[in-house]
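Quick note: the coordinates plus some simple rules give every number you see, no bench work behind them. Quick caveat, the model's predicted, so the values are computed rather than measured. Cβ: placed from backbone, ideal geometry, glycine included. Neighbour counts: every protein chain shown.
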Amino acid sequence: MMARFDAQTKLPAWSNPGWFLDHLAGRLSAPERKLVWMIGLYDFTYALSSVFVNVFLFRKGNDWGPVDIYNLSMFIFIVPAFTLGGYLARRLSYLRSYQLGFVFNALLYFWVLVWRENSTQHPWALGFLAGMGIGFYYLGQHALTFELVHSKRRDYFFSVSLVLSSVFRILAPALAGWVIKNVDIWAERNQWIVNGYHLVFLATLLSYLALFYESSRLRVKPHRGRFLYFATLTHPNTRDWNRLMAGYFLWGVRNGVFWFAAGLFIYLLFQDEWIVGTYGMGSNFLAVVASYLLARWVAPKNRNFGVLASCLLMGAASALLTWRMDLTALLLFAVLNSVGVSWFQVSFSAYSLAVIDKAFEGKKRRLEYLAIRELPLGLGRVTGTLLFFGAQKVFGNPGLRWSFLFLGLAQAAVWLCIPGSKRNQNKLLTPRPRAAS
């Protein structure tokens with residue numbers, strides 16, 4: 001069979017690097033395909049460097065202090081970034097928040113490259129840049145998705161985006177670990193001042209700059225609406241909304257610590273970035289497979305059981321590290337945690353969206369509710385990180401390990417925030433009929 005040729009270049013279609021995605025995303029418009037690529041490249045770039053920033057801050061003095069302060073600062077500033085991003089999206093353009101996410105992420109790696117080994121002296125500043133970058137980006141991404149993607153193609157768009165981002169997230173950590181280890185060996189032999197970390201961080205910086213440039217080519221209509229954050233925050237809401245906020249706080253308590261801790265434990269055991277990257281690759285692979293399988297199974301009737309089972313899996317994973325911390329325990333942790341987190345996110349996100357849709361003007365104020373949701377989540381992350389940092393400082397290694405047990409119990413308590421009976425679930429999913437006037 002003859003190869004299909006592109007009409008303009010007269011080359012085989014598969015010679016185009018984007019041929020696979022173009023084939024996969026054939027039903028998407030040009031702006032939708034560009035957004036898919038940008039989401040995938042962001043996920044690849046973030047997965048390439050995020051864990052190694054923590055290792056880079058830790059390795060100079062084998063000190064948890066800079067790592068804890070960096071992540072604490074990041075969790076604090078994610079919340080105002082979501083709020084400011086929502087304001088910019090409503091008042092100017094959905095694109096502004098999205099672009100600021102790239103700018104702050106690029107600035108993070110620019111200053112890491114400038115400060116190099118002295119970065120450990122500036123964890124608050126680096127955490128500020130990281131938190132603002134994450135908050136602006138995800139608010140902008142959500143807003144742009146609903147702005148650029150036609151509602152009839154939205155499910156297909158999400159499926160294509162998931163495939164591309166999943167592949168990138170699996171490959172990125174192992175690639176970064178391999179580069180760091182091999183470039184370090186080569187630089188040491190040739191007495192270079194540049195090491196593998198610098199190369200990976202430079203690639204990350206350039207990638208964010210490329211994303212910013214590509215985002216400027218998106219055509220998005222300007223907006224002149226109002227961002228009703230405080231009006232939505234202070235509006236009396238339903239009991240289900242209050243339960244949801246409590247659930248996000250408890251989820252944040254555990255989520256904050258394990259955002260950065262697992263990769264550092266692997267580094268502590270092996271002192272090898274290639275193994276850290278391979279561990280991240282395996283964890284991401286398990287998470288992707290679990291998310292795919294669970295997404296086909298999840299339904300409103302399974303939601304309550306999904307939250308319970310996932311919380312128990314994550315609680316067991318946390319308790320396992322209290323008991324022992326060696327390669328076997330960390331591998332079991334990776335399995336339990338990857339499946340548990342994926343299952344929880346699938347079930348709890350569905351519950352979350354159902355609650356937001358039933359909240360006061362939920363569909364009209366979706367950006368406001370997403371920004372408000374970050375408040376308890378951020379507060380939980382800060383609380384968990386402070387607990388982890390305090391236990392390690394006061395009690396040393398035993399305190400660090402016993403803090404995992406508390407984090408696991410906090411996660412298990414999320415299930416108590418979900419309406420437990422079938423009757424309550426039906427109330428949540430079915431709008432209450434209004435009385436005739």
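What fraction, in whole percent, of alpha-carbon pairs in segment 26-227 exceed 23 Å separation? Above the 23 Å cut-off, segment 26-227 has 48 percent of its Cα pairs. Note on segment 231-429: Cα Rg divided by 2.2 N^0.38 Å, N the number of residues, gives 1.08. Over 23 Å apart at the Cα level, from the set Lys301/Lys358; Lys301/Lys364; Lys221/Lys364; Lys34/Lys364; Lys221/Lys363, are Lys301/Lys364; Lys34/Lys364. Comparing Cα centroids, segment 45-111 and segment 281-352 end up 25 angstrom apart. Under the classification rounded if a/c is under 1.5, otherwise prolate if a/b is larger than b/c and oblate if not, where does segment 176-258 fall, given a ≥ b ≥ c as square roots of the Cα gyration tensor eigenvalues? Cα axes put segment 176-258 in the oblate bin. Note on segment 264-383: with charges restricted to the Cβ of Lys and Arg (+1) and Asp and Glu (-1), its dipole about the Cα centre is near 680 debye.
Here r is the Cβ-Cβ distance between Leu353 and Asn190 and R0 is 41 Å; the resulting FRET efficiency, rounded to 0.05, is 0.15.
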